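Note sheet for the following structure.
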Amino acid sequence: MKKVASRVGLGHARFLDGIARAAHRVLPCWPYSVPTGGTAAGTGRPARADSVRDQIHRDLLVSSKLFDTRFYAAQAGIEAEVERCVEHYLEHGAAAGHSPNRLFDGAAYLALHPDVAAANLDPFLHFVAHGISEGRRNIVPDSCLAQIIAMTPASLAERRVSDQARAIGWRPNSPSAWAGKTVALYASSLGNFFFRHIADRIADGLRASGVGVYRLDQNSARPSDAAVDFVVAPHEFFHLGGGSRWRDLQEVARGVMLNTEQPATHWYFRALSNVGPATTLVDLSPQSAVLLRDAGRWRSGYLPLGWLPPRLSPAGQRRLDLAPCRGLEALGASECKWSHRGVDEWRERPVDVLFLGTLTPRRSTALGRLASTLAKYRCFIHAPTNTGRPLTGGKTELGLDQSLLLALNAKVMLNIHRDEFPYFEWHRVMMMGIEQGTLVLSEPCLPSPGVEPGRHFLTATLDQMPEVLSRLLGSSDGEAFARQIDELNVHELQPRFDLRVELRALAFLHSIGFPQHA
Amino acid sequence: MLDIPVAPARVLFESIRHRRSQVTVTVTLYNYREVVTEALKTVLAQDLQDLDLVIVDDYSNDGGEERVLDWLHAHKERFGRSLLLRHTERQGLAAARNQGFASAATPYVFVLDADNQLYPRCVTVCLTTAQANSADAVYTILEVFGESEGVLGTDLWDPTALQTGNYIDAMALISRGAWKQVGGYRRMPANGWEDYDLWLKFAEAGLDALRVPEILCRYRKREASMLRSVTNQPETMKALQEDMRLHHPAVQLRLGPS
């Protein structure tokens, strides 16, 4: 991955750091050693126990929904039928080095978690049975990252929800299939804050097309009159607090889910394990949407969180929540007012640099390295740890409106990836940055069709950021440059990414059906 | 109001140029001769014009106080008031900090340990935030430097979260009135926990602390830090646990060797 990562500009990738935090526990689990051909020869255990164990392993992998049948069948040269493939994997495939999922690297998993290797456990079985819930790290294999990087703009773009809908005759100006109905929109009230922002934004986008919205969380009762259930961030929703009670609900499993997890994380697997076969699954990442399609999930697509006109102003469709909020005290009273701050006033924006994102070890290191530069400017760094405190939310959380207010007050929005995976953070780059006229300075990202680095936003490695910041904030060209980029963004991106259009296309696809893929 | 005992100390240096300052930076020193002037240089470079400086030497035996004395002679013009006190015997961190607060003549004190550092905008931003919001304390995000790198203290003030462990360093701007109201720093079974105890007393008294969303302080990480070498010993942990149970019944610590 290092080699591939350096190709996308991540010279600082230190993806093997995680080895240091390998678990030291010995797991109380049944050894998942590769079965020895159905008999218990040499194990000292009765053959019957082994066959029961094998059946448990097969059931576990089949029901996990994480065994990528098509991917496996292509490697093993067998028919793509899930039971057959799982059986083949357990009997021969693991030993032959076949991989059960393109996003999972068994050898890397064992290297990261020596206790699993020492116990002679099959890495994928362990990951599914324990690793995901224990939060164990998984590394995207080089082969998959190379595949992700090689995805062409056209293949990414065609996964876009509105493009899929257009391909089967939908027109962008046709009314929403959900118009006049009500969508039950869920996001967990616990855990990371950004997916609540996304859910609130989607609620605004639905309402703007005449769709009613119940904005709910894991503790809500399911409204009987909801036409569609729409879950944002299934991993959090189904796992935190009382969320588990929703897992087997048919109505929800037939609804729409928006994945916000990045493919390199164990949360991605967690989220997918909660998605039913009938679910419409959308993702903020075009790369992830291609991976989902390749894994046989054809009811899937990429949902860009686009513009909601008018660019934020008090004339918006709903009353904005600007109640005094913990954490915003650094904005003076005169700055805490909602005003349209277009790019003409870029120089007047009081906050020089804004960063909004949960603190991860990598972001901590990055912010530490940038500290001597950032200390020169007026910054707003909101990076809650969440560590050991999953029950965040409520009074210590910045809501969507407060965060947008911050963005409108900031000249530069900094984007630092949560880990080495160079994910394109749509919600931060577009919703919190570009759309608010805030100049985005990001680490190099995976491509996102229609949004070009160097044209619509800036990219720089961490080492380059101090110099870029000083040019932007310390010289008069900074303002001219910001103005130029913003004009392009308003001119090019606003019509290209309209959240109302994407959500109407989503309603159409969910109601009528997705185009079939070979 | 509680009486806060003040340890016996000798005045090694005092200079008064004006009485306009709103903030005193108090530096507590114990055997940090090699790094204390680096810390003082960052106080000198503060962009806040009116500033007082009080240094409390807790009976160092490495000659650090002499180095500070020389430094003060050279830089006393920068400060409204500058003062160097030396305890007549070793008193510990809590007593040294209390000495700093008691000796200050300003409404706010900025607490700085002799091995840490400040960025130039630090005290101004903290003071402005405290005054604008009538806050009892203000802390910034810390840059970790030395033997590791990163940031600390990004989380907002949250009395509930404080019950499970400390996440706010001692390096902060604190109102002297609030310090007095909660009875100052308390001598703990182990050095390094005085700040946690103080923040808990703030939370219990309903005082308010604010986080500045900027990285304006530098926290030096050392291999042989006090916390890791002494505080995390099992018998110390047990004593701390009993002490915390007695003084802060709401706290639910998950203590163990780190």
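Quick one: which of B:Gly184, B:Gly150, B:Gly177 is under 18 Å from B:Thr24 (Cβ atoms) and touching a Leu at 6+ places or on another chain (Cβ under 9 Å)?
Residue meeting the stated conditions: B:Gly184.
For B:Val54, all conditions in the list (1) of a type in the set (Val, Ile, Thr); (2) in a loop (DSSP other than H, G, I, E, B); (3) surrounded by 23 or more Cβ atoms within 10 Å (Cβ to Cβ) hold save one; what is the number of the exception?
(2)
Is one or more of the residues making up region B:31-46 assigned to a helix (DSSP H, G or I), over 18 Å from the mean Cα position of the chain (by Cα) and among the acidic types (Asp, Glu)?
Within region B:31-46 (the criterion being assigned to a helix (DSSP H, G or I), over 18 Å from the mean Cα position of the chain (by Cα) and among the acidic types (Asp, Glu)), the answer is yes, since at least one residue qualifies.
Tell me the residue from A:Gly393, A:Gly399, A:Gly454, A:Gly388 that is in the same structural domain as A:Glu492 (by TED's automatic domain parsing), more than 22 Å from A:Arg201 (Cα to Cα) and modelled with pLDDT under 90, please.
A:Gly388
Kindly indicate whether any position in region A:283-296 is assigned to a loop (DSSP other than H, G, I, E, B), surrounded by fewer than 23 Cβ atoms within 10 Å (Cβ to Cβ) and either in contact with a Cys (Cβ under 6 Å, 6 or more places away or on another chain) or modelled with pLDDT under 85 (or both).
Yes.
Table: residues versus (1) assigned to a loop (DSSP other than H, G, I, E, B); (2) not assigned by TED's automatic domain parsing to the domain that holds A:Val228.
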{"site": "A:Val429", "(1), (2)": "no, yes"}
{"site": "A:Glu435", "(1), (2)": "no, yes"}
{"site": "A:Leu462", "(1), (2)": "yes, yes"}
{"site": "A:Ala480", "(1), (2)": "no, yes"}
{"site": "A:Arg483", "(1), (2)": "no, yes"}
{"site": "A:Asp486", "(1), (2)": "no, yes"}
{"site": "A:Leu506", "(1), (2)": "no, no"}
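Mind counting the residues in region A:360-383 that are out of contact with any helix residue (DSSP H, G or I) (no Cβ under 7 Å at 6 or more places or on another chain), surrounded by fewer than 23 Cβ atoms within 10 Å (Cβ to Cβ), modelled with pLDDT under 95 and facing chain B (nearest Cβ under 8 Å)?
Here the count works out to 1.
Considering only region B:5-41, state which residues are surrounded by fewer than 20 Cβ atoms within 10 Å (Cβ to Cβ) and under 25 Å from B:Gln131 (Cα atoms).
Listed by number, the residues that qualify are B:Ile16, B:Arg17, B:His18, B:Arg19, B:Arg20, B:Gln22.
How many residues does region A:480-508 contain that are farther than 30 Å from A:Ala226 by Cα and touching a Pro at 6+ places or on another chain (Cβ under 7 Å)?
0
Among the numbered criteria (1) within 14 Å of B:Leu12 (Cα to Cα); (2) in a helix (DSSP H, G or I); (3) in contact (Cβ under 8 Å) with a residue 24 or more places away in the chain, which one does B:Asp70 miss?
(3)
I'd like the full set of residues that are buried (at least 23 other Cβ atoms within 10 Å of the Cβ) and aliphatic (A, V, I, L, M), limited to region A:409-428.
Listed by number, the residues that qualify are A:Ala410, A:Val412, A:Met413, A:Leu414.
Among the listed residues A:Ile148, A:Ile202, A:Ile139, A:Ile132, which satisfies the condition of being surrounded by 16 or more Cβ atoms within 10 Å (Cβ to Cβ), touching a His at 6+ places or on another chain (Cβ under 7 Å) and of a type in the set (Val, Ile, Thr)?
Step by step, each of A:Ile148, A:Ile202, A:Ile139, A:Ile132 is checked, and only A:Ile132 is surrounded by 16 or more Cβ atoms within 10 Å (Cβ to Cβ), touching a His at 6+ places or on another chain (Cβ under 7 Å) and of a type in the set (Val, Ile, Thr).
Quick check: anything in region A:445-455 touching a strand residue (DSSP E or B) at 6+ places or on another chain (Cβ under 8 Å) and in a strand (DSSP E or B)?
Within region A:445-455, one or more residues are touching a strand residue (DSSP E or B) at 6+ places or on another chain (Cβ under 8 Å) and in a strand (DSSP E or B).
Could you tell me whether region B:192-215 includes any residue that is modelled with pLDDT under 80, in contact with a Gly (Cβ under 7 Å, 6 or more places away or on another chain) and not charged (D, E, K, R)?
No, region B:192-215 contains no residue that is modelled with pLDDT under 80, in contact with a Gly (Cβ under 7 Å, 6 or more places away or on another chain) and not charged (D, E, K, R).
Look through region B:147-169, keep the residues that are more than 9 Å from chain A (Cβ to nearest Cβ) and under 19 Å from the mean Cα position of the chain (by Cα), and return whichever of them is farthest from B:Arg222 (Cα to Cα).
B:Leu162
The values are calculated or read from the model by the stated rules, or taken from the named source; none is laboratory data. All figures in this text were calculated on a predicted structure; none of them were measured in a lab. With ideal geometry, Cβ positions are generated from the backbone for all residues, glycine too; neighbour counts draw on all protein chains shown.
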